[in-house]
Every structure is written in C-alpha cells, then in structure tokens.
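See structure below.
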C-alpha cells in the first residue's frame, strides 16, 4: 500500500508518495540525514563490539555519535580500558562497515 503526503503547490493540491518524500528528505545534507547516519553508526558499533569482544560485548553499550565521537557506556572501568586499548581497531572496523570516515574517536562512560 502506497501512502501519500499532502503538499500545496501554487494554489492546487498535490499528493506525493510517502517514500518519495522520505527519500527527498534523506538525500540532502539536512539534520534528518545526519541523525539517520548517526543511528546507523551506533548499530554498526554494537555489531563490531560483538565481533571483536564476543564474551564481554554485553558490558559495552554504544549510545550515540556526535561530532564524529562515539560515546560508549561501559559496565566497568576495566571494560573502558579494554576499549581504549583497542580504539583504533574498533574505529577502523566501524568506518570500514559504514563505507566512510564517520567515527574519529571513542568516548567512554564507566
């Protein structure tokens, strides 16, 4: 089922398919696209932690990406130290999966 969004164009009504409207919003460089990319980076970071640290990945939770810095909540300072020691590997793996340089560093909250 195709959903439509109502838009006004020069005194007459037009309907735009919802998918087209979303694609138009996401194709630019606006804030919505940046938020979607940040959410994708967080999801990929979760997968990277599971790949690199399968036994302790549940103790590190990527929270958000802001200003190219990924913030991660850690259950202990030991986990934060482990992430710090492997930061370059983690960042490289996340950027590789994203297909672009989106993450520069990791911030740890213990």
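Report yes if residue 82 is surrounded by 12 or more Cβ atoms within 10 Å (Cβ to Cβ), at pLDDT below 95 and out of contact with any helix residue (DSSP H, G or I) (no Cβ under 7 Å at 6 or more places or on another chain), otherwise no. Yes, satisfied.
Which of the residues spanning region 88-104 are surrounded by 13 or more Cβ atoms within 10 Å (Cβ to Cβ) and either touching a helix residue (DSSP H, G or I) at 6+ places or on another chain (Cβ under 7 Å) or modelled with pLDDT under 95 (or both)? Hits for region 88-104 are 90, 93, 94, 97, 98, 102, 103. The set of residues in region 45-79 being more than 10 Å from residue 106 (Cα to Cα) and surrounded by 19 or more Cβ atoms within 10 Å (Cβ to Cβ) consists of 45, 48, 49, 60, 74, 79. For region 40-66, the set of residues classified as touching a residue at least 24 places away in the same chain (Cβ under 8 Å) and part of a helix (DSSP H, G or I) consists of 40, 41, 42, 44, 45, 47, 48, 49, 51, 52, listed by residue number.
Looking across region 1-36, the residues that are part of a helix (DSSP H, G or I), in contact with a helix residue (DSSP H, G or I) (Cβ under 8 Å, 6 or more places away or on another chain) and either surrounded by fewer than 12 Cβ atoms within 10 Å (Cβ to Cβ) or at pLDDT 75 or above (or both) come down to 27, 32, 33, 36. Condition first: assigned to a helix (DSSP H, G or I), in contact (Cβ under 8 Å) with a residue 12 or more places away in the chain and closer than 14 Å to residue 38 by Cβ. Now tell me which residues in region 67-110 satisfy that. Across region 67-110, the qualifying residues are 94, 98. Being within 29 Å of residue 21 (Cα to Cα) and more than 11 Å from the chain's Cα centre (by Cα) holds for only one residue in 100, 33, and it is 100.
Residue by residue, here is whether (1) more than 27 Å from residue 31 (Cβ to Cβ); (2) touching a strand residue (DSSP E or B) at 6+ places or on another chain (Cβ under 8 Å) holds:
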residue	(1), (2)
41	no, yes
54	yes, no
69	no, yes
78	yes, no
85	yes, no
88	yes, no
96	no, no
105	no, yes
109	no, yes
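The values are calculated or read from the model by the stated rules, or taken from the named source; none is laboratory data. Keep in mind it's a predicted model, so treat the numbers as computed, not measured. Every residue, glycine among them, receives a Cβ derived from its backbone with ideal geometry; neighbour counts consider all protein chains shown.
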